[in-house]
1. Restricting attention to the range 9-52, report how many residues are small (G, A, S), loosely packed, with under 10 Cβ neighbours inside 10 Å and at pLDDT 90 or above.
2. Condition first: β-branched (V, I, T) and touching a residue at least 40 places away in the same chain (Cβ under 8 Å). Can you find one or more residues in the range 62-82 that meet it?
3. Would you tally the residues in the range 53-63 being open to solvent by 70 Å² or more (accessible area, probe 1.4 Å) and in a helix (DSSP H, G or I)?
4. Out of (1) under 20 Å from F141 (Cβ atoms); (2) over 21 Å from the mean Cα position of the chain (by Cα), what's the single condition that is false for V73?
Amino acid sequence: MLYYLENAEMTECMTCRHSRYKPRTGRGKTLVAYKKLRYFLITPRLQRLFMSSRTAEHMTWHQAHHAVDGVMVNPSDGKAWKLFNSVHPHFSAESRNVRLGLCTAGFNPFGSFAAPYSGWPVIPKVYNLPPRMCMRLEFMFLSTVMPGLSSSGRNIDVFLRPLIDKLT
């Protein structure tokens, strides 16, 4: 469960009744959560892509480039992109609408023999840009770091809720 928006004040899970906070030890009055989701706004960073004249001209590349039949240079050449365009014509009509792909992979910040803890960063990539640009670090934005011992798997939508709320 994500303690977010309407659930921000809750202290236990609605489903399993597990406490949100670790039991207090000692004299400390600070509540310590079992897990914390780190979320970083990406909306200002996406807006900045259009503020720079050098990058703004490339943000419509996916619409302007000419695809070669049978060769996939960019996701915009793929069947899934074309299907999305046909299902959502109001979105695809504006070439400046930002199309994102999400990348995630786990890492252990303390080394392989330390505490069994890992983080799962979520990095949106901008697919509007030409291939030579969309894989560059300055166009990949760290948006979320999900806590946990293993991947979020089928529960990833819970951790992505703040990102989805800001993008819609």
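1. Residues flagged as small (G, A, S), loosely packed, with under 10 Cβ neighbours inside 10 Å and at pLDDT 90 or above within the range 9-52 amount to 0.
2. yes
3. 3
4. Result: V73 fails condition (1) only.
The values are calculated or read from the model by the stated rules, or taken from the named source; none is laboratory data. Since the model is a prediction, treat every value here as computed from it, not as a measurement. Heads up, the Cβs are rebuilt from the backbone with ideal geometry, glycines too, and the neighbour counts pull from every protein chain shown. Keep in mind that these areas ignore ligands, DNA and RNA; they rest on the heavy atoms of the full protein, side chains included. Shrake-Rupley method; radii C 1.70, N 1.55, O 1.52, S 1.80 Å.
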